[in-house]
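**Q** Got a structure for you, written out below as structure tokens; questions coming shortly.
The values are calculated or read from the model by the stated rules, or taken from the named source; none is laboratory data. As the structure is a prediction and not an experimental result, all values here were calculated from the model. In this analysis, Cβ positions are derived from the backbone assuming ideal geometry, glycine residues included, and neighbour counts consider all displayed protein chains. SASA here: full protein model, heavy atoms, side chains in, ligands and nucleic acids out. Shrake-Rupley method; radii C 1.70, N 1.55, O 1.52, S 1.80 Å.
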Amino acid sequence: MKKKYLYGLVCLICVFVTAACGEARLEDSSGSAEETTAEVAERENPDEIYYRKIEEETRADFPEDLSEMEDWYGDYQFVEYTRPHSYPPSTPDYLQRKLDQMKGTIKRIEPGMLITYFPVDRVLEPVFYEDYEYDHYISVRSFTMHVEVLDEELLKTLLMRWGREYHLDGSPVDFSNKAHGDDDLFADMDFRISDYVGHQILVFTDEDTTSTIKECDYWINAGDGVVYSLTNHSVSKWQRLR
């Protein structure tokens with residue numbers, strides 16, 4: 001893959017879709033306003049963007065009530081894989097390498113956009129990164145996002161998608177059999193979505209996916225700036241930074 005084409009792919013990934021909730025705006029390092037994250041990524045070195053992001057000042061307190069979409073805007077850092085879901089990777093050593101990569105990952109929510117800043121692992125994706133000249137990647141994706149309350153009806157939908165958490169006799173399901181021997185890479189096999197009924201949940205919808213299921217990620221507000229991301233791969237814990 002030509003360097004010019006690959007760099008364009010890295011920087012212009014959001015050009016392929018439009019933001020459903022409006023265009024995100026921010027200030028660049030020189031202080032000029034009204035630039036999208038994608039425009040900044042197109043112009044600047046992704047390594048410089050990454051290090052500038054992780055060096056930004058963090059906050060210590062966050063609102064407990066995230067009932068409005070705007071309340072979720074900000075930066076979140078990966079903490080841990082909590083427990084597996086339906087389709088965790090089973091390739092030997094893949095999950096360990098992915099976990100190491102995720103520990104350096106930050107996600108930012110802006111209007112209609114999810115921006116992910118992460119270090120490149122050329123072993124995980126050798127073909128894609130073979131000629132890539134940077135050590136970090138900035139992914140900008142468009143989503144429709146809305147806030148709900150995790151009620152019994154939504155819980156039923158999530159459990160149908162990822163499997164029941166309790167057997168009919170009331171005993172808890174053992175999720176370790178979904179870890180493919182990588183139990184030690186998950187922090188809490190006893191995590192239960194059902195413990196968070198009544199909490200606010202952010203729903204990410206990808207209208208452009210070919211899948212019949214458009215909802216691809218759910219973030220549960222656990223309080224104190226902690227959110228749990230629910231995907232087909234796993235439950236993961238994230239801590240809000242700012």
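**Q** What are the residue pairs meeting all of these: first residue in segment 49-76, first residue within 21 Å of TYR137 (Cα to Cα), second residue assigned to a helix (DSSP H, G or I) and at pLDDT 95 or above, Cβ atoms under 9 Å, and 6 or more apart or on different chains?
**A** ASP75/LYS53
**Q** Return the residues of segment 60-85 that are over 17 Å from the mean Cα position of the chain (by Cα) and hydroxyl-bearing (Ser, Thr, Tyr); say none if nothing qualifies.
**A** SER67
**Q** Could you identify the single residue in ASP195, ASP188, ASP169 that is part of a helix (DSSP H, G or I) and either without any contact (Cβ under 8 Å) to a residue 40 or more places away in the chain or open to solvent by 30 Å² or more (accessible area, probe 1.4 Å) (or both)?
**A** Numbers: ASP188 fails: part of a helix (DSSP H, G or I); ASP169 fails: part of a helix (DSSP H, G or I).
Checking each option against the conditions leaves just ASP195.
**Q** Would you pick out the residues in segment 172-185 that are outside any helix (DSSP H, G or I) and open to solvent by less than 60 Å² (accessible area, probe 1.4 Å)? Spell out the reasoning first.
**A** Narrowing segment 172-185 to residues outside any helix (DSSP H, G or I): 172-174, 179-182.
Matches in segment 172-185: VAL173, ALA179, ASP182.
**Q** Here is a list of conditions, (1) assigned to a helix (DSSP H, G or I); (2) of a type in the set (Lys, Arg); (3) without any contact (Cβ under 8 Å) to a residue 60 or more places away in the chain, and ARG161 meets all of them except one; can you say which number that is?
**A** All conditions are met except number (3).
**Q** Any chance you could count how many residues in segment 41-81 are among the aliphatic types (A, V, I, L, M), crowded, with 18+ Cβ neighbours inside 10 Å and over 11 Å from TYR117 (Cβ atoms)?
**A** Residues of segment 41-81 that are among the aliphatic types (A, V, I, L, M), as a first pass: 41, 49, 54, 60, 66, 69, 79.
The next check asks that each one be crowded, with 18+ Cβ neighbours inside 10 Å; those that pass are 41, 49, 66.
Narrowing further to those that are over 11 Å from TYR117 (Cβ atoms): 66.
Result for segment 41-81: 1.
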